[in-house]
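Written below as structure tokens is the structure these notes are about.
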Amino acid sequence: MRILIVGAGIAGLTLAALLQRQGESPTVIDRRNEDAHLGYGLALWPHGSRVFHALGVHDAFAERSEPMSRYVARDGAGTELTSSSMPESIAEYGHLGIIDRGDLLGILRGAADELDLRDGVSIERLTPRGDQVETELSDGTEASFDLVVGADGIHSRVRELMLGRRIPDHDTGWGCYVWWADADLAAPGETTERWGAGSFLGTYPSRDRLCVIAGAPLETLRGDAADGVGRADGAGRAARLASLLRPYGVPVDRYLADLPADDEPLFLWRMADVRSPLWTDGRIALVGDAAAAFLPTAGIGASMALESAAALADELSRTDETYVAKALELYERRRRRRVEGAQTQSRRLATLMFVRSPVAAWARDQALRHATMEQVVGPLIKDLRRPI
């Protein structure tokens, strides 16, 4: 089959590598260059990490990731609310670890042998015509494909072209700045989240360094004034982050030691997701964030993207170009409920984490004091027991 995959992120590269192992030779394009900003640490649950066995890269992932062995939650003053080892039942299904997104993409690129990958190229036009999809790319290339897969993220151009409109985001109004800090600031394998009223601080040990995520309402993070001053650059950003971190009782100077200067780029992750009303249409399919993007609150989005890529590759392994549309229908039927259920769980956690009211924060903290880790991650463990 002639297959075009739009997007060289986690879902797109995984799908391409799996299809290669089925004898296909997909073309992959990505609007960003390979050395574009890679961002942050990612938690991968066994839902996703077990897919790496099929690619022969599970050992590489385990070597480059930090096992997540313990979870600690603290309140807005830094007082411990709950602390627990991760349930042993998770390890029965595979490896749970945190990895630098750049390292993960490098592993996935290495899993694809001589892949036709074109960086800095985007999709401009999709025209279904009979048993083909005609395409026009930003480099002027025009070609027809038996299948086009949109793996191009939350702002998917393929989704927009497929549906004929833009789907509005589900926006929390919050954002998170993400940066790297010294690994010595956290115990190995210990994820800690500090939940305040109007702010959030999470630390996630990756291999050799610590991913720090500081969240607040967007206007707080950006320093927006009534006249909009503060939107265009990072002026005063370090001072604003210091004021967010200080109440938690952490060593602020050490946390911010490697923070880029105010006049340098810093990844601002807007806390929004999206849910596409359709995942497939004829010979066009969506996978990963293009189908259902996740808030990072449950840390399950990347794992769902890996599962979906594996399920799509599996359905395509039992068809040819004649029956592609039916295979895509089966893929959507197989994955949609599971993925949207996990997405809903992430949204529910966001309503607990992203609160501005001290009263709401106090009520949340009381509930957390009595919650077990099995209860917190119960829906994710339940999904592990179900086939994909």
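Is segment 28-51 home to any residue that is under 13 Å from A111 (Cα atoms) and not β-branched (V, I, T)?
Scanning segment 28-51, I find no residue that is under 13 Å from A111 (Cα atoms) and not β-branched (V, I, T), so the answer is no.
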- prompt: Here are I10, I3, I99: which of them is closer than 19 Å to P188 by Cα and surrounded by 21 or more Cβ atoms within 10 Å (Cβ to Cβ)?
  reply: I99
message: Among the residues of segment 313-323, are any under 13 Å from the mean Cα position of the chain (by Cα) and touching a residue at least 60 places away in the same chain (Cβ under 8 Å)?
response: no
message: Among the residues of segment 141-173, what is the count of those that are closer than 13 Å to S276 by Cβ and of a type in the set (G, A, S)?
response: 5
statement: segment 1-101: helices (runs of 4 or more DSSP H) wholly inside it with 1 or more residues that are in contact (Cβ under 8 Å) with a residue 12 or more places away in the chain and charged (D, E, K, R) are 58-64
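Give the residue that is surrounded by the most Cβ atoms within 10 Å (Cβ to Cβ), with candidates limited to residues of segment 243-276 that are under 30 Å from Q132 (Cα atoms) and in contact with a helix residue (DSSP H, G or I) (Cβ under 7 Å, 6 or more places away or on another chain).
Ranking the candidates gives S276 first.
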- line: Filtering segment 66-92 down to residues that are small (G, A, S) and within 24 Å of G249 (Cβ to Cβ) yields S69, A73, G76, A77, G78, S83, S84, S85
task: Could you give me the residue pairs with C-beta distances under 6 Å whose first residue belongs to segment 332-349 and is farther than 14 Å from A310 by Cα, whose second residue is assigned to a helix (DSSP H, G or I) and modelled with pLDDT under 95 wherever it lies, and which are 6+ apart or on separate chains?
output: Q345/P379
task: Out of A151, A187, A197, A216, report the one residue that is among the hydrophobic types (A, V, I, L, M, F, W, C), touching a Pro at 6+ places or on another chain (Cβ under 6 Å) and under 30 Å from Q343 (Cα atoms).
output: A197
field: Filter result for the condition that a residue is in contact with a helix residue (DSSP H, G or I) (Cβ under 7 Å, 6 or more places away or on another chain), at pLDDT below 95 and either surrounded by 13 or more Cβ atoms within 10 Å (Cβ to Cβ) or within 22 Å of T191 (Cβ to Cβ) (or both), over A350, A298
entry: A298
message: Which residue is farthest from the chain's Cα centre (by Cα), if the candidates are limited to segment 248-276 and must be hydrophobic (A, V, I, L, M, F, W, C) and within 27 Å of D152 (Cβ to Cβ)?
response: L266
- prompt: Filter segment 284-324 for residues that are hydroxyl-bearing (S, T, Y), in contact with a strand residue (DSSP E or B) (Cβ under 9 Å, 6 or more places away or on another chain) and part of a helix (DSSP H, G or I); which is farthest from V133 (Cα to Cα)?
  reply: S303
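The values are calculated or read from the model by the stated rules, or taken from the named source; none is laboratory data. These figures come from a predicted structure and were not determined experimentally. Neighbour counts run over all protein chains shown; Cβ positions are idealised from the backbone, glycine included.
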